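Engineer: Sharing a structure here in structure tokens format.
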Amino acid sequence: MAVELLYFAWVREAIGQAGERVDPPAAVATVADLVDWLCHRGEGYATAFADRQRLRAAVDQAFVPLDTPIAGAREIALFPPVTGG
């Protein structure tokens, strides 16, 4: 299952790219599993995802908790908490 990943703000800066297309193994079932799998891809990923409390996600443009299943997802965005005014 190939999925488009998008990275924003300091997540993008740590990883060094704004996005990529990946094909995670079948054992990657949730956003949290995906983050765990990505952490093994290099130091930038490990740095970006070191503090899960500072990480938010969206699956197909809907905000979701990290324990959300990703089966059938076309796009997953990972970013810091959003604040606004």
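The values are calculated or read from the model by the stated rules, or taken from the named source; none is laboratory data. What you see is a predicted model; the values in this text were computed from it and never measured. For neighbour counting, all protein chains shown are included, and Cβ atoms are generated from backbone atoms with ideal geometry for every residue, glycine included. With ligands, DNA and RNA removed, areas are computed over all heavy atoms of the protein, side chains included. Shrake-Rupley method; radii C 1.70, N 1.55, O 1.52, S 1.80 Å.
Engineer: Take the residues of the range 50-66 that are buried (at least 17 other Cβ atoms within 10 Å of the Cβ) and in contact (Cβ under 8 Å) with a residue 24 or more places away in the chain: which is nearest to the chain's Cα centre (by Cα)?
Structural biologist: ALA57
Engineer: Let me ask something else. Residue by residue through the range 16-41, note down the ones that are open to solvent by less than 30 Å² (accessible area, probe 1.4 Å) and among the aliphatic types (A, V, I, L, M).
Structural biologist: Passing the criteria: VAL22, VAL28, VAL31, ALA32, LEU34, VAL35, LEU38.
Engineer: Now a separate question. Every residue in the range 1-59 that is basic (Lys, Arg) and within 20 Å of VAL82 (Cα to Cα), please.
Structural biologist: ARG12, ARG52, ARG54, ARG56
Engineer: Looking at this structure, is ALA46 among the aliphatic types (A, V, I, L, M), open to solvent by less than 70 Å² (accessible area, probe 1.4 Å) and more than 15 Å from PHE79 (Cβ to Cβ)?
Structural biologist: Here the answer is yes, as ALA46 does meet what is asked.
Engineer: Can I ask one more? Among the residues of the range 32-40, is there at least one that is of a type outside the set (Ser, Thr, Tyr), assigned to a loop (DSSP other than H, G, I, E, B) and touching a residue at least 40 places away in the same chain (Cβ under 8 Å)?
Structural biologist: No.
Engineer: Output yes when any residue across the range 3-26 is at pLDDT below 95 and not in a helix (DSSP H, G or I), and no when none is.
Structural biologist: Checking the range 3-26: at least one residue is at pLDDT below 95 and not in a helix (DSSP H, G or I).
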